Amino acid sequence: MNDPKPELPEDVPKLFAEAWNRRDAEAIAGLFEEKAEFVNVTGLWWHNREDIKKAHAYGLSTIFKDSSLKVIRTKVNKISEGVAIVLAKMRLSGQTAIHKVKLAGERRTIFTFVLQRKAGFWRCVSAQNTDIVDNMETHIRDEDGNLKAVDYRQSENS
């Protein structure tokens, strides 16, 4: 595997997005340690580099085959010389439409990358991607089993 070599913590989201835009699941996986953890926006959880690679290879060839990922903003919190947490706000466009959706709209997410520095380069030991849902506070499951974003402040004013 040809591993990217992030010299700074903020390089990781940038390299992730560049690999995504090339549809290079191997380069995405190369940003992660062998026993890394990855939780996607729906809570799917992968427990190692190989599973992260397989999941992204599938997603990039099916769900996101014409998509573009852009880093909007990053924030680095260095815990120690060898540990950092990087939050990255990203914009995703061009997701493959499905079912009754004719054109998938743009999405924004917040990625959390937990990084460890080894042999001079930063590697991800854990990552989680969370969709941004504007003006909502949480999710609730309705009587039909559907998960919906809600804002309790709106219901107080009703």
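Before moving on, here are some points about what is shown:
- Normalised by 2.2 N^0.38 Å, where N counts its residues, the alpha-carbon radius of gyration of the chain equals 1.13.
- Here region 16-158 exposes an accessible surface that is 51 percent carbon and sulfur, computed with a 1.4 Å probe and the other protein chains kept in place.
- Nitroxide proxy distance, nm - points 7 Å out along Cα→Cβ at Asp151 and Leu44: 3.0
- Think of each Lys and Arg Cβ as +1 and each Asp and Glu Cβ as -1; about the Cα centre, that makes the dipole of the chain roughly 420 debye.
- Under the shape rule built on the C-alpha gyration tensor, where the axes satisfy a ≥ b ≥ c, region 107-151 is prolate, since a/c reaches at least 1.5 and a/b is greater than b/c.
- At R0 = 41 Å, FRET efficiency that the Cβ-Cβ distance of Glu18 and Glu143 yields, to 0.05: 0.40
- Ellipticity estimate at 222 nm from DSSP helix runs (n ≥ 4, -39,500 (n - 2.57)) divided over the chain, nearest 500: -6500 deg cm²/dmol
- Backbone HN-Hα couplings from phi across region 11-16 [Karplus 6.51/-1.76/1.60, Hz, Gly and Pro as x]: 5, 4, x, 4, 5, 4
- Rounded if a/c under 1.5, otherwise prolate or oblate - region 38-91, Cα gyration tensor axes: oblate
- A simple rule links phi to the HN-Hα coupling: the Karplus curve 6.51 cos²θ - 1.76 cosθ + 1.60 with θ = phi - 60°, which for region 106-117 gives 5, 10, 10, 9, 10, 9, 10, 10, 9, 10, 10, 8 Hz, with x for Gly and Pro.
The values are calculated or read from the model by the stated rules, or taken from the named source; none is laboratory data. Since we're looking at a predicted model, the values are computed, not measured. All Cβ positions, glycine included, derive from the backbone under ideal geometry; neighbour counts span all protein chains shown. Heads up: the accessible areas ignore ligands, DNA and RNA and are worked out on the full protein's heavy atoms, side chains in. Shrake-Rupley method; radii C 1.70, N 1.55, O 1.52, S 1.80 Å.
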